[in-house]
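The values are calculated or read from the model by the stated rules, or taken from the named source; none is laboratory data. Keep in mind that this is a model prediction, so the values were computed, not measured. Note: ideal-geometry Cβ built from the backbone for every residue, glycine included; neighbour counts use all protein chains shown. The accessibility values were calculated without ligands, DNA or RNA, using every heavy atom of the protein model including side chains. Shrake-Rupley method; radii C 1.70, N 1.55, O 1.52, S 1.80 Å.
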Amino acid sequence: MMNKYYLFGALALMVLGCNEKKNESETAPEPVYYSEPYRPQFHFSPEANWMNDPNGLVYHDGVYHLFYQYYPEDTVWGPMHWGHAVSKDLVHWEHKPIALYPDGHGLIFSGSAVVDKQNTSGFATNGKTPLVAIFTYHDMDGEKAGRTDFQTQGIAYSLDNGETWAKYEGNPVIGNEGIKDFRDPKVFWHEASQKWILTLVAGDHAQFYMSPNLKDWTLTGEFGKEYGAHGGVWECPDLFPLQVDGENESKWVLIISINPGAPNGGSGTQYFLGNFDGKTFTTDQKEPKWVDYGTDDYAGVTYNNVPNDDRIFIGWMSNWDYARDTPTEKWRSSMTVPRKLALKKVGADYFLTSFPIDGMDVLASSELSQTWEINPKETTSRTIEGLDQSMIQLKTTSKDFSITFQNAQGETLVLTMDAENNQFSVDRRKSGKVNFQKEFGNKIHIAPTELLEGETFDMRILLDRSSVEIFINGGLLTMTEQIFPNEPFNSLTVENRDSQSDLTIDSVKKMESVW
């Protein structure tokens, strides 16, 4: 028989223990917002669940809108909605409620948005300017039934700067006569013709439409069946003019994403330079040029109605080869930093450049390292500690060097400029978690460096918790890569292998969190 005093003492200890645990739970600090493993600190990512393509990029009344493909019930792809976030500086973001939900016409796939300043649509009431979204409907039942007309185009409008949306009762505004991949409309106002122009993809080529009112559309031209890369389906077109830097001329730029078929495998984004006459796009460029040689910049499009007519680009920072498998738990995927696009003439040819917007610089706060040089006559390498998320500025006459990021577990990310082979490479094969999918860490990714003319070139590197973005010569060459180290990279080693050239690290700065 148990002693009653022993029983009483045991019960008292149990109660005391419960109270201690209760007190511990009551006083335990809340998890820091956006602090999960691999959570980007200065890139946009959804609070939870699946995200892919950026959609409806538009600026209006001081607000930059970012809509995006979103599945609110899981971290893998599912029935698509338009998620929504807003920003006043394209750096700090505020999450908004879901903007567009599936309806009887189908799921809400990718598209764009415009400011209908002249109320051509007739949606305005009480003097309020409409925002009009143009998107692809995807009828899952039609797809499962084996039909080829299951994608059509619809519109919706907002009279309160994107807070709430109403679908147009006359949807769809563009039907489908039997093209399986018929999607991703990008719309802009064409001043010369006083019409709206819509570009979409139709399997292996782009189509162009014209409308006076965003409701009634006429097919005016096609492009691409015999141009560019065709290793996969064309997606997410964008068409716009740009003036050539330092030149008194401009060209039209047509951006086309493709999956698969990118230079380093899987998803990527090509572009063409030519002319648009109000009806169709033409070019002498047969071979593709690439927006980004990395594997994780896809489906990118540009903002409409931006102040000063700047052309601001955001891409989805992932790749369909492994997008569903990346080792995050609460959310999946993020966007690239916003980039300003420009045109640069190199020799007799022209190229698109992309470089982080100036607003990103405000996040580069504390100096981790001031200017230091690697003179090969004195030393061939230097190491700096304490990185975490950082911005690295480098300037060099050397075309033969390596930059190695490393953590305490010995995991590495290696960037290499190879003079002998005229290439720049990113090696993430030992960067941490790489075996979640066979294509992620199976090879070194390579970009050609023939464009990097001149004695000196510069490089900016943005390192976040799960990505690295590299911009060489003002974004003439760009590479974007996801990484999943088991702990953040905290050291940087630069090795100069060119005995005749100096290499200078201008600065290494910590990037503050936008969350």
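Values as computed for the structure displayed
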| read-out | value |
| --- | --- |
| Test: residue in segment 395-411 that is aliphatic (A, V, I, L, M), farther than 20 Å from residue 319 by Cα and in contact with an Asp or Glu (Cβ under 6 Å, 6 or more places away or on another chain) | no |
| Matching residues, segment 450-472, being under 23 Å from the mean Cα position of the chain (by Cα) and either surrounded by fewer than 21 Cβ atoms within 10 Å (Cβ to Cβ) or over 20 Å from residue 318 (Cβ atoms) (or both) | 458, 459, 460, 461, 472 |
| All positions within segment 227-246 that are more than 21 Å from the chain's Cα centre (by Cα) and charged (D, E, K, R) | 245 |
| Which numbered condition residue 221 misses (of (1) farther than 26 Å from residue 69 by Cβ; (2) in contact with a strand residue (DSSP E or B) (Cβ under 6 Å, 6 or more places away or on another chain); (3) in contact (Cβ under 8 Å) with a residue 40 or more places away in the chain; (4) open to solvent by 50 Å² or more (accessible area, probe 1.4 Å)) | (4) |
| Residues being without any contact (Cβ under 8 Å) to a residue 60 or more places away in the chain, open to solvent by 50 Å² or more (accessible area, probe 1.4 Å) and either under 30 Å from residue 131 (Cβ atoms) or of a type in the set (Gly, Ala, Ser) (or both) - total across segment 271-309 | 4 |
| Hits in segment 319-361 (condition: hydrophobic (A, V, I, L, M, F, W, C) and either within 21 Å of residue 242 (Cα to Cα) or at pLDDT below 95 (or both)) | 337, 341, 342, 343, 346, 348, 351, 352, 355, 357 |
| Residue 415 vs. criteria in contact with a Phe, Trp or Tyr (Cβ under 7 Å, 6 or more places away or on another chain) and more than 30 Å from residue 86 (Cβ to Cβ) | no |
| Residue selected from segment 323-339 under the condition surrounded by 20 or more Cβ atoms within 10 Å (Cβ to Cβ) and not polar (S, T, N, Q), by the criterion nearest to the chain's Cα centre (by Cα) | 335 |
| Criterion: within 17 Å of residue 159 (Cβ to Cβ), modelled with pLDDT of 95 or more, in contact with a Phe, Trp or Tyr (Cβ under 6 Å, 6 or more places away or on another chain) and among the aliphatic types (A, V, I, L, M) - qualifying residue of 90, 100 | 100 |
| Conditions (1) under 24 Å from residue 239 (Cα atoms); (2) in a loop (DSSP other than H, G, I, E, B); (3) not acidic (Asp, Glu); number of the one not met by residue 152 | (2) |
| Residue under evaluation residue 246, criteria (1) of a type outside the set (A, V, I, L, M, F, W, C); (2) in contact (Cβ under 8 Å) with a residue 40 or more places away in the chain; (3) closer than 28 Å to residue 132 by Cβ; (4) open to solvent by 40 Å² or more (accessible area, probe 1.4 Å), criterion not met | (3) |
| Qualifying positions in segment 107-131 - hydroxyl-bearing (Ser, Thr, Tyr), modelled with pLDDT of 95 or more and open to solvent by 30 Å² or more (accessible area, probe 1.4 Å) | 120, 129 |
| Failed condition for residue 430, given (1) part of a strand (DSSP E or B); (2) open to solvent by 20 Å² or more (accessible area, probe 1.4 Å); (3) at pLDDT 95 or above | (1) |
